[in-house]
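Colleague: Below: one structure in structure tokens.
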Amino acid sequence: MRSPHTPAGLRAGNTAPSRARGNTVRSVLTALALVLGALVTPGIGIGEAQAATKISHATATSMFRSSGITWSSSGGCSDRNNPSCTSFEQLNLATAQGAQTLKSASGCSLQITGGTETGHAGGTYSHWNGYKLDFSKYTCVGNYIKNTFTYIGVRGDGAPQWKSGAGNVYADEGNHWDVTFYNCGGC
């Protein structure tokens, strides 16, 4: 028998209403977390392009040449499918612009030693997918990175990292800088 002051759903042993409320709250929080996660994920967030604009090797070299950025290749070639070459084929436009921004902001000499050629680690934000460039470790650019950007700790492989105000990440891989350009760095 039910007390006149106890709602039907709250009788002893009946937890369905509270379980339903808990499931609804959990669903709302999960949806909110997914939306917020998408907004802060590089390449997906507010104001960022959904798809990267790809450029050719010739376009990239023209951009770099006009900014005074040099590049080298251990194989003296630009074949994207040869790991001894340095290729810019399918480089993201924002990555090329990010290198130009680094050059103009730092005032340092920049030499690219790695582009979109095969032989680098894979992943969404990889060399092959046009997000990364490797730069020679000149003292000037190293000092600029370490004194201007925020140290964010070491990567899984032990490489110390710095993050620019724009969100690009600079990893010191020992004999070169491995830079992930999520955007053009304020171009």
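The values are calculated or read from the model by the stated rules, or taken from the named source; none is laboratory data. As the structure is a computational prediction, the values presented were derived from the model and not from experiment. Don't worry about glycine lacking a Cβ; one is built from the backbone with ideal geometry, like all the others, and counts go over all protein chains shown. For the accessible areas, the whole protein counts, side chains as well, though only heavy atoms, and no ligand, DNA or RNA atoms are used. Shrake-Rupley method; radii C 1.70, N 1.55, O 1.52, S 1.80 Å.
Colleague: Among S74, S109, S126, which is the only one that is without any contact (Cβ under 8 Å) to a residue 60 or more places away in the chain, assigned to a loop (DSSP other than H, G, I, E, B), over 19 Å from C184 (Cα atoms) and small (G, A, S)?
Modeller: Values: S109 fails: over 19 Å from C184 (Cα atoms); S126 fails: over 19 Å from C184 (Cα atoms).
Answer to the check: S74.
Colleague: Further question on the same structure: Among the residues of region 129-153, write down those that are within 19 Å of G185 (Cα to Cα) and open to solvent by 40 Å² or more (accessible area, probe 1.4 Å).
Modeller: Result: N129, Y131, C140, N143, Y144, K146, N147, T148, T150, Y151, I152.
Colleague: Also, I was wondering about something else. Tell me which residues, restricted to region 87-99, are open to solvent by 10 Å² or more (accessible area, probe 1.4 Å) and assigned to a helix (DSSP H, G or I). So that I can check it myself, show each step before the final result.
Modeller: Quick first cut of region 87-99, residues open to solvent by 10 Å² or more (accessible area, probe 1.4 Å) only: 89-90, 93-94, 97.
L93, A94, Q97 - these are the residues of region 87-99 that are open to solvent by 10 Å² or more (accessible area, probe 1.4 Å) and assigned to a helix (DSSP H, G or I).
Colleague: Read through the list (1) in contact with a strand residue (DSSP E or B) (Cβ under 8 Å, 6 or more places away or on another chain); (2) surrounded by fewer than 16 Cβ atoms within 10 Å (Cβ to Cβ); (3) under 20 Å from H127 (Cβ atoms), then give the number of the only condition that W177 fails.
Modeller: Just one mismatch for W177, condition (2).
Colleague: All but one of (1) more than 24 Å from H57 (Cβ to Cβ); (2) in contact with a Phe, Trp or Tyr (Cβ under 6 Å, 6 or more places away or on another chain); (3) open to solvent by 40 Å² or more (accessible area, probe 1.4 Å) hold for S164; state the number of the condition that does not hold.
Modeller: The number of the failed condition is (3).
Colleague: A follow-up question, please. From (1) assigned to a helix (DSSP H, G or I); (2) free of Cβ contacts under 8 Å to residues at least 40 places away in the same chain, pick out the condition that doesn't hold for G174.
Modeller: Among (1) assigned to a helix (DSSP H, G or I); (2) free of Cβ contacts under 8 Å to residues at least 40 places away in the same chain, G174 violates only (1).
Colleague: Can you confirm whether S84 is open to solvent by 30 Å² or more (accessible area, probe 1.4 Å) and under 21 Å from T61 (Cβ atoms)?
Modeller: It is true that S84 is open to solvent by 30 Å² or more (accessible area, probe 1.4 Å) and under 21 Å from T61 (Cβ atoms).
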